[in-house]
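Encoded as structure tokens, the structure appears first; notes follow it.
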Amino acid sequence: MQELNKKSLFKKKMNLEDIIKFTGLSYGVCDENYRLDRDEIGEHTLIYDEAKLARGFELWLEGSDVLLSLSLPTAPSEIRLFYSLVEKLCNEFNTKKYLREDEEAYLYEDEEFIKWDEEASIVALEEMTSKTEDEYRCFEIFGIYNPIAIGQRELQRIDCNLNNLEEYLNEIQSLDVYYATPSVYRKKDTNELFGIYSIVADIPCVVPNKPYIILDQIKGINYWYVMIRKGMTVTYDDFINHISSKEYYDANHVIALLNDDEIDALIEQYSVEI
């Protein structure tokens, strides 16, 4: 994954909210689990095209400078949208140049930059494919709405083709699901850390095959649980091994769908006190 920083030479003063609204794109802020809180503006805001969901652009200010970041690999339409946005902002601030990776760049060079970023995206996909076969089980990339685990199944479908990547990213992020993430607590008696996922009846919930904290932000979690009803928990292993409705989501997650009767059965057989 490659990051591109576009540091502006803009001198016209606009605040962050003005710039975000000027782009005409959807926006939000990522929480600590890299899920998107839509329509929120923060120090670093993600802007994106809601009609073609890919990975989005990070936008922030440093003094009077406007910065944009594009993650690779990504969809070709998003790469082109990125440079279109750069041009739109440059025109608004009456300049034909900007900084790309700390080097001066001109708007007439954008087609070349688009080609470079497309090529870099293909190289990244090729490296992911090679490493997934030889070394790693999957890669986790940040989508717009939530992280996505890319493994052999996804890479075979994408086949190092950016149009296939675009189709996949939009499709998986268009699913009507709840992406569950854990909360971490500490036991009073032993001082040990434990994590809890929460799910709700009759709502498709994306849960991991094995519980984890993204980017290992918190280490040393010894116990994992799922709250399946208020005040009612089961161990994560009992939950994931005994749910009947479980569909593939990505290389590290499934979509779980439980009704009230199934939750009652889990509570009766496997409920535990924390």
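The table below gives the values:
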| item | result |
| --- | --- |
| Cα centroid of region 135-169 to Cα centroid of region 215-248, whole Å | 25 |
| Contact order normalised by residue count of region 178-272, Cα under 8 Å, 6+ apart, percent | 29 |
| Test item: Cα-centred dipole of the chain, Lys/Arg +1 and Asp/Glu -1 on Cβ, debye | 640 |
| Distance (nanometres) between label positions extended 7 Å along Cα→Cβ at Q156 and A265 | 3.1 |
| Cβ charges +1 (Lys, Arg) and -1 (Asp, Glu), total dipole of region 118-254, debye | 1080 |
| Debye, to nearest 20: dipole size of region 178-272, +1 on Lys, Arg Cβ, -1 on Asp, Glu Cβ | 500 |
| Among beta bridges that DSSP assigns inside the chain, antiparallel share in %, nearest 5 | 85 |
| Anisotropy class of region 178-272 from Cα gyration tensor, a/c 1.5 cut | oblate |
| Cβ-defined net charge surrounding N259, 14 Å radius [Lys, Arg +1; Asp, Glu -1] | -3 |
| Per residue, in Å², the accessible surface of the chain once ligands and nucleic acids are set aside, probe 1.4 Å | 53 |
| Selection from Y108, V123, G143 lying farthest towards where the dipole of region 106-168 points positive, charges on Cβ | G143 |
| Accessible surface of region 59-199 [probe 1.4 Å, protein heavy atoms]: carbon and sulfur percent | 43 |
| Cβ-derived FRET efficiency at R0 45 Å, I114 paired with T235, nearest 0.05 | 0.35 |
| Förster radius 30 Å - calculated FRET efficiency between I41 and S64 (Cβ-Cβ, nearest 0.05) | 0.95 |
| Degrees separating the helix 260-270 axis from the principal Cα axis of the chain, which is the longest one | 60 |
| Proximal charge balance of G195 [Cβ under 12 Å; K/R count +1, D/E count -1] | +3 |
| Packing rank of 39-51, 74-86, where each peptide gets the mean count of other beta carbons within 10 Å, highest leading | 74-86, 39-51 |
| Net charge contributed by nearby residues that have their C-beta within less than 13 Å of E78 (K/R +1, D/E -1) | -4 |
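The values are calculated or read from the model by the stated rules, or taken from the named source; none is laboratory data. Everything quoted here is computed from the prediction, not taken from an experiment. Here Cβ is always computed from backbone atoms with ideal geometry, including for glycine, and neighbour counts include all displayed protein chains. Heads up: the accessible areas ignore ligands, DNA and RNA and are worked out on the full protein's heavy atoms, side chains in. Shrake-Rupley method; radii C 1.70, N 1.55, O 1.52, S 1.80 Å.
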